[in-house]
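Before any comments, here is the structure.
Readers should treat all values here as calculations from the given coordinates under stated rules, not as data from a laboratory. Since the structure is predicted, the reported quantities are computational estimates derived from the model, not experimental observations. Because the Cβ atoms are built from the backbone with ideal geometry, glycine has one as well, and the counts that use them run over all protein chains shown.
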């Protein structure tokens, strides 16, 4: 049967993808607008976190690796790049 070879491969891929799952969590302002979108892998910050002003404009992009901030870019409400406050 052709499917006998496909089933182990499918199960292998499912296990690999399950182990690499990334979860995105949103934090909200009391108004219900998005304050931040944070990506987690195995419970640790991983990848790009985005922070927003209550107006909806981008406030910061922070790249995390293994729960540690590696690089960040911050913006004022007019979308100009500004120095980031110390984390």
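Tabulated data for the structure shown
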quantity	calculated
Spin-label model distance (nm) - residue 48 vs residue 86, 7 Å beyond Cα toward Cβ	2.8 nm
Enclosed volume per residue, in Å³, of the convex hull spanned by Cα atoms of the stretch 22-82	70 Å³
Segment residue 34-residue 74, length gained on full extension (0.36 nm per residue, minus Cα span)	12.7 nm
